[in-house]
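Derivation of every value follows stated rules applied to the coordinates shown; laboratory data play no part. Since the structure is predicted, the reported quantities are computational estimates derived from the model, not experimental observations. Cβ placement follows ideal geometry from the backbone for every residue including glycine, while neighbour counts extend to all protein chains displayed.
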Amino acid sequence: MSAAPSPALPALSVEGLRVAYGDVEVVRGVDLVVRPGEKVGVVGESGCGKSTVALALMGLLAAGGSVTGGAVTVSGSRVDYHDERALDRMRGSQLSLVFQDPLTSLDPVKSIGSQIAEALRRHSPRMSRAAVRARCAELLTAVGVPEPERRLRQYPHEFSGGMRQRALIAVAVANDPAVLIADEPTTALDVTTQAQVVDLLDSLVDGLGVAVVLVTHDIGLVSEFCDRVLVMYAGRVVEEVPSDVLFGGAAHPYTRALLESLPVPGRPRGEDLAWIPGAPPPLSALPPGCSFAPRCAWAQPECSVGTPPRVVVSEPSVAALGTALHTAECRRALEVPRG
Amino acid sequence: MSRPTSSTSAALKRGAGALLGVLATLLLASVVSFVVLRAVPGDPARLIVGPLATPDVLAGVRTQLGLDDPLWLQYLHYLRDFATLQWGYSYSNGADVTAVIAARLPATLELALWAFLFAVVGAVVVATLASYRGGALAGVAKVVSLVGLGTPQFWVALVLVLVLGSSGLGVLPGPSGRLTSFLEPPPHVTGLYTVDGLLAGQPIVFSDALAHLALPAISLALIPGAFLTRLLTANQADVARAPFVTVVRSKGVSRWAAHRRHVLHNALLPSLASAGLVLASLITGSVLVESVFNWPGIGQVLVQGVQRQDFAVVQAFVLLSAVLYVAANTAADAVVALVDPRLRVSTR
Amino acid sequence: MTASRAQAGVAAGLLAALVVLAVVGLFLQDAAVKVDVASALQAPGAAHWFGTDAQGRDVFARVAVGTSIALASGIATVAVGGGLGLLIALVCGLGPRWLDAVLVRLLDAVMAFPALLLALAVTMAFGTGLLTALLGVVVTVVPVFARTLRAEARRATSEPFVQAARTIGLSTPHIAVRHVVPYLGTTLSVQLAANVGNVVLVLSGLSFIGVGAQPPTPEWGAMITEGLQNALTGQWWIGVFPGLALLLTVVAVNLLADSIPAVRAARRARRTRRSRRPRPNPVAAAAVKEA
């Protein structure tokens, strides 16, 4: 285990990440900086590349996918995605993953205990059996699973969905990683369990100082849980916004459209929900210029020419926060009325 | 689970239900075998005494065999005799069928066990490498297993003898039975020469027995081996796509370790369900291969019985094979129920 | 998709070659049984491509005739056995539950016997020969078809289109023929192809043991038995060529069976794609689904 990163160093820094499946680029230059203990959300529709970013950072892209550009630094050291052994050392110890579907994320024929122990043994091979068992029980307790000794001997089918997700979180934090990447960790759970899992993640950030990258399509969840939100569209981050100004302060037309399409409790019944005309473009045939232009209510002819500029919407109010910048990739970002 | 008593009784009920099903299948199988080999072929007495016997002799044999009883009574006797291991006497030479099969069983058992070993080890190695490495290797494994499944075992036996055996390169002995003629069989313990040879501390007997085994066992292993290779390759491909494998990798476990510990383990479990098919293929194979190698096992007894129209031998062998098939499937189900935590009765 | 099409192509090529050989065999039936002791045991050469056997018969002619015997008997037994099996499957799938339960038990009992041994028992019971061997093989084929197709037929009955047909009052036979049988298409075609291979193997096994086709008949299994006696004295060709033909036949049919589902799925996909408006590039769609 590495020493705790100095507060000055970001826990995770991503610059210009590009990922391609075959000839099709699905992530087209993503920048992301996460400081220790920070919670950053990545949102977007399905197919925008957000889950690909999560898998690419772990170095676990499905067959055919590869990182084609960019630099990733974890706790100050550069990640080499061609060095499988170094990646294996990094995975689980510095960068961890909590997966979408807890029902299929555990090996059905191995006990919960052995699956947590596997993460511990991999990075601390000299740990004694008794120490591993004690640490597993401690981890289960930490993620809120009662009767850990008995639960460790059980198998995934004896765990409910929420309990499995807790066990998976225990696996992910077993080695005190610097960054936890949570890919839709609550999507497969029912609403009450969702809240519990979010609370658990929150308490882990406070207790362990782990940084969290939360990948989800759920804007409500992100605005509540995260410090900062990155909105992705067609493989790019189109807006980066502090979550306290997300509602009411979003500047990119796509983010605004997303927010408007949210069902809000208390809205008059007869009123239609807003929706975005058209569908996201196929990544193999992106429109020229801004990818969102064909669906954008504010688009002008020049939007379809050249890459849209990154516009600083507002400087951080406290200079010390440094990265809590609000930017949008839209030439009309400052003209669009904030909704 | 929280209430072990109730889940145990549920499991017992399930087990009892399965056992009843197995018994029903076995009874029906015995009816099939009785109808085909006793009721249809006509008069066994005539087959035994030959076409020239006098009516008196014929009638005597008929009474002796109980052929004047009504069919249902004959069936019950047939069932009783099979269950009590009284499999009758050879129509052609009067030998006790049970004794003949018992005497010949170890040779076939030894051959089948080694063939099984070759098939399983070969299939696990090829299928694991193919699904782990993928690409061209997977394609080659697929073609090899498709070809293997289509191979006539008796012809492979012939080709192996021609290429490697005494009439070819002479690398391996064959077709010459279980041991070189100047060697004494090892002292009888299990009846398996390789095992007994080791037990008696006779390495020469062991290696000679193994050399004699090699070609017939390979011929026998080919079809079940190809079958298991296909099955395991497909299973591993399915499991490898499961999200839990990515989770295992995210712990820092290398791809190979994740494959070995998690993918292979999960892929092996469902393949137990084909234990019956593998056994059936070994039984069939022994019938087809033993005669090529002059292997003194029960497969050869059957072939000789067939050629002499000896229904007593065929009857016993055919029903026995069905019983073994059902037993193998039942045993495999039981093993899966013990090994797979999802089916295991939790007592904690 | 392309791999399975290539595979289907190889299978079709092999089968075409075998059919040609079988047709050639139809004209060589006399040569296949013509004894000529003077030219016995000749090695393969210009006069006799595959050599001659102990009685001077031309091995190539015998293999060719064997091909027509194998293909004809393989197709015939599978057609008859498959038809009967389909009938049982439809009764199981659309008939009363108790009948289904009884039939399934019976099928399982028959399937408990290894195919070769069951076929052997039936053949012996009705008297040794090629025709009785065909009967024995049919008995082993029926439950295989019935069992696999029954599962599909049962699934079909819970599909909306069958339930809708029931609701509008169509008769059960009508539903079976017009709605359930087409639903079974892929499974049926895979089973038809795969079983031809098995049947040809079992038939030759029966002849090899001595209960199938009898010696003068140029059947592959019987030829291999004859070839065994000569193999030890060096005349390898008598047994090797018929086995090679047997192997190629079974492999060709298995390759075909293995490629059917993928090829059919691809064809169906192509058809639907053509009938709808243009869709995004499939690679991108896959990548999008992944993300």
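Assorted remarks:
- Full extension of the chain segment joining A:Arg153 with A:Asp190 gains 10.8 nm, where the gain is 0.36 nm per residue of separation less the Cα-Cα distance.
- Distance cut-off 18 Å, percentage of C-alpha pairs in region A:111-225 lying past it: 49 percent
- Aspartates and glutamates with Cα under 15 Å of A:Lys110, excluding same-chain neighbours fewer than 8 positions away: A:Glu118, A:Glu158, B:Asp340
- Label zone (C:Val10, point 7 Å along Cα-to-C-beta; backbone nitrogen cut-off 15 Å) within region B:136-163: B:136-151.
- Cα Rg, Dmax, chain C, angstrom units: 23.3, 76
- Whole-percent pair-distance distribution, where bins are 5 Å wide, for the alpha carbons of region B:241-348: 2, 11, 14, 13, 12, 11, 9, 8, 7, 6, 4, 2, 1, 0
- Spatial extent of the protein assembly as shown: Rg and Dmax, with the Cα atoms as the point set, Å: 35.1, 120
- When only alpha carbons are used to place a centre, region C:203-248 and region B:216-253 end up 36 Å from one another.
- Axial C-alpha extent at least 30 Å, average Kyte-Doolittle at least 0.0 - helices from chain B (DSSP): B:4-34, B:97-133, B:203-240, B:311-339
- Summary of the geometry: region C:116-191 and region A:171-202, compared by the centres of their Cα atoms, lie 51 Å apart.
- Overall shape of region B:122-267 was characterised from the C-alpha gyration tensor. The equivalent ellipsoid obtained from it has semi-axes of 39, 21, 11 Å, in decreasing order.
- Largest GNM mean-square fluctuation among B:Gly148, B:Gly225, B:Gly60, using chain B with Cα springs under 10 Å: B:Gly60.
- Since only C:Ala164, B:Gln300, A:Ser75 are under comparison, the one whose Cα sits farthest along the positive direction of the charge dipole of the protein assembly as shown, derived from C-beta charges on Lys, Arg, Asp and Glu, is C:Ala164.
- Each principal axis of the Cα atoms in region B:186-228 has its own extent, and those three values, largest first, are 36, 17, 11 angstrom.
- Each of B:Phe182, C:Phe241, B:Phe227 has some number of other Cβ atoms within 10 Å of its Cβ, and from fewest to most they run B:Phe182, B:Phe227, C:Phe241.
- Region B:92-107 and region B:6-66: distance between their alpha carbon centers, rounded to Å: 19 Å
- Taken along its principal axes, the alpha carbon cloud of chain A reaches lengths of 67, 49, 42 Å, longest axis first.
- When chain B is treated as a Gaussian network with alpha carbon springs shorter than 10 Å, the biggest mean-square fluctuation among B:Leu192, B:Leu213, B:Leu73 belongs to B:Leu73.
- Alpha-carbon Rg/Rh ratio, for region C:76-184, with Rh computed the Kirkwood way: 1.08
- B:Arg308-A:Ser77 FRET efficiency (beta carbon distance; Förster radius 60 Å; 0.05 resolution): 0.15
- Distance cut-off 30 Å, percentage of C-alpha pairs in region B:95-343 lying past it: 36 percent
- Rounded FRET efficiency, nearest 0.05, which uses the C-beta distance separating B:Leu71 from C:Ala151 and R0 of 30 Å: 0.30
- Of the DSSP H helices in chain C, those whose Cα atoms cover at least 20 Å axially and whose Kyte score averages 1.6 or more: C:2-27, C:59-94
- When the charge dipole of the protein assembly as shown is built from unit charges on Cβ atoms (+1 for Lys and Arg, -1 for Asp and Glu) and taken about the Cα centre, the candidate among B:Val335, C:Gly45, A:Ala188 whose Cα reaches farthest toward its positive end is A:Ala188.
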